[in-house]
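What follows is one structure encoded as structure tokens, with my remarks underneath.
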Amino acid sequence: NGLAVRDEIVSRAMGGTHPAFKWVQYDQYDSREMSFRQIALKQGAEAGVQRFLDWKNSDGAAPVSERSINQLGYVLLGMKRVDEAIEIFKLNVREYAESFNVYDSLGEGYMVNGDTLLAIQYYEKSIKINPDNTNGIEMLKKLRGE
């Protein structure tokens, strides 16, 4: 997680802020995104989702980006914590329902879990939002045995 401290190190060494780092898209060590990730990884997805909801209730807006939630879901998938990954992907669908990518990711979670019907349902939703979603199209073909 070395990139999580890059802004602070460069600021201390060189002074000021450096907007070029924005393209890296890596959450800073003291961000809500990183806190959310650590809570979910250490205490479980349910605890992470609850913290997210607590922040949202106090602020009125989604406290963690779609990208960060999705990344956490894939980290959990990689750790074989599939049920928890699905819970994180479900949170992303609730918070960012206009994004095709959140449905695509939830479809993948269900596919990994062996739930073909739900996987198909969410991949179809993803393609409905973005007909050019080639990953979703390919996954649907695979799931349908085409």
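On the basis of being touching a Phe, Trp or Tyr at 6+ places or on another chain (Cβ under 9 Å), of a type outside the set (Phe, Trp, Tyr) and closer than 29 Å to Lys56 by Cα, does Leu143 make the cut? It is false that Leu143 is touching a Phe, Trp or Tyr at 6+ places or on another chain (Cβ under 9 Å), of a type outside the set (Phe, Trp, Tyr) and closer than 29 Å to Lys56 by Cα.
Which ones in region 30-88 are outside any helix (DSSP H, G or I), of a type in the set (D, E, K, R) and either without any contact (Cβ under 8 Å) to a residue 12 or more places away in the chain or surrounded by fewer than 16 Cβ atoms within 10 Å (Cβ to Cβ) (or both)? Within region 30-88, Asp30, Lys80 meet the criteria.
Listed residues Gly136, Gly114; which is assigned to a loop (DSSP other than H, G, I, E, B), open to solvent by less than 70 Å² (accessible area, probe 1.4 Å) and not aliphatic (A, V, I, L, M)? If you could, list the steps in order and put the result at the bottom.
Numbers: Gly136 fails: assigned to a loop (DSSP other than H, G, I, E, B).
Answer to the selection: Gly114.
The values are calculated or read from the model by the stated rules, or taken from the named source; none is laboratory data. Worth saying up front: this structure is predicted, and the values here are computed from it rather than measured. Note that each Cβ is placed from the backbone with ideal geometry, even for glycine, and that neighbours are counted across all protein chains shown. Heavy atoms of the whole protein, side chains included, go into the accessibility calculation; ligands, DNA and RNA do not. Shrake-Rupley method; radii C 1.70, N 1.55, O 1.52, S 1.80 Å.
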